[in-house]
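Written out below as structure tokens is the structure these notes cover.
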Amino acid sequence: MLRYIRPYLSTRVQFFIAIAGTGMVLVFLVLFGVRSAFLNNFEAYLVEQEQRRVEQVAAVFSEYYEDNLQRLRRQGVREISEAVLWQRIVNEVQRDALLNTGTLNPDIDLTFSTLSLTTLYGYQVLGTPINTPISVAVLGEGEIIATLSAPIPQGDLQPVDQVFAQQQQRALWWAGALAIVIAAIVAWLLASVLRKRLARLRYSTQQLAAGDYQYPVLTALPNQQIPDDVGELAIAIAQLAENLANTEHQRRQFMADIAHELRTPLTVLKGELEAVEDGIREPNQQLCKRLQQQTEQLNRLVNDLHTLAQAGAGQLSYHWQPLNMVQFVTQLHQQVQPSFTKTGLTLSLHVPESAAFVRADSARLQQVCMNLLNNSLRYTSSPGAVQMHLLVKAQAVELRIEDSAPGVPEAHRQRLFERFYRIDAHRQRASGGSGLGLTIVAQIVQAHGGTVQAEASELGGLRMHVVLPRLLDSTAIVSDSQ
């Protein structure tokens, strides 16, 4: 039923029905409970009052019983039947109740037709046996001589009791009505506030869908220090807006970077080919080499983009095997040493004597190291120094590559691994790259279960940390591909 009604109700009305309905149900439950408790307690009150009345009557019978025994003893009567004795007592009580009321308590209501008096030996003096009675003992000379009973009060209440019960019920109904009105007002106010806040969030999400990421979403948050659920939702949407804004900025920056990276080699290729076509240049070996260099730049850029796309989608293949990092780094150092010497840089290596294994793809790990070394080779001023340190720890193997000046400011170090991020946005690829290398490094290291980070080097440049989980059992060869 609610499934068909809900689309036709506004959010405010739905909240109102939910909150006010719950409040009204609670009010009715409280009223019902209070009324039931009142009736039960009132019945107990009536039973207690009736028991006190019966106790007063029992005290009267006890007093008359002892008076009759004393008179009989003074008269010399030693024996008298139980029926005769009690008949005399009942007659005297009835006589004094009618003719000599001063001898009895005027508050006592002696309605003998509703009382039942039974002696200790089973003689029924008054009335008939009662199934569920209110019973009290009648004492004579310190001993129980009879039991006086009266029925539990049922049926119509006394006028005074009826007035009291009606007053209590009327007060309960007024209190319930007032509680319902207050609940309805509070529910309407809460529903209105929630609807306004949700309306702001809805408008904010519509603005986000329209591409406006600067709309102040947190206006739906009443107190930024102690947010409620709606406030936490507003914070989440604000974070989403910030992430979308950053993504949009990166996308635009990426398009600008890619356009810039493609424009340079394409412009050179087009200019050289037009010069050959116009007969300005001769197609010699030097020209072909220059064109080939520009083509290689385009090819590297396309390969980087393809690798990054595969890494981001988790589609890069890895051939896992135990890899001795000491041997791997030593061979890498020998391979790149000539390039550093040629540019006037000193490349030193510090490795432990014992082997240290990791589970890795040697080709991918070599790609990581070559990217880091090429960055040092490209940006370190000559003459300068580059150092490679391999540290073996209990659970990890750490490779440090650090270089001398120039350094990288801390604000830029935090963003080096972002896609397409470059410290100098205007430098050419020939001197600065496309900003994809370190992003690819982070993706590959993460696939190896490791971490990579950048910090300032004591040599004056940049220090790169690559930490990989250490393989303690090198016989556990895993050669599957991922």
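At an R0 of 35 angstrom, the distance between the Cβ atoms of Phe32 and Gln214 translates into a FRET efficiency of 0.05. Summarising the label geometry, the points placed 7 Å from Cα in the beta-carbon direction at Asn324 and Asn131 lie 10.3 nm from one another. Inter-label distance, Arg170 to Ala184: 2.3 nm, where each label sits 7 Å from its Cα along the C-beta direction. Among Phe32, Phe254, the sequence by solvent-accessible area, most first, with a 1.4 Å probe is Phe32, Phe254.
Label sites at Ala275 and Tyr123, each approximated as a point 7 angstrom past Cα along Cα to Cβ, lie 14.8 nm apart. May I ask you to derive the FRET efficiency for Asn303 and Gln395 from their Cβ-Cβ distance with R0 = 30 Å, giving the value to the nearest 0.05? Using R0 = 30 Å, I get an efficiency of 0.30. Give the calculated FRET efficiency between Glu143 and Glu48 to the nearest 0.05, with a Förster radius of 25 Å applied to their Cβ-Cβ distance. With a Förster radius of 25 Å, E is 0.45.
With the contact rule set at Cα under 8 Å and sequence spacing of 6 or more, what percent relative contact order holds for the range 336-399? Please report the intermediate quantities before stating the final value.
Working: 55 pairs, mean separation 30.7, N = 64.
Once normalised by length, the contact order is 48 percent.
The values are calculated or read from the model by the stated rules, or taken from the named source; none is laboratory data. This structure is a prediction, so every number in the text was calculated from the model and none was measured. Quick reminder, even Gly has a Cβ in these numbers, built from the backbone with ideal geometry, and neighbours come from all protein chains shown. For the accessible areas, the whole protein counts, side chains as well, though only heavy atoms, and no ligand, DNA or RNA atoms are used. Shrake-Rupley method; radii C 1.70, N 1.55, O 1.52, S 1.80 Å.
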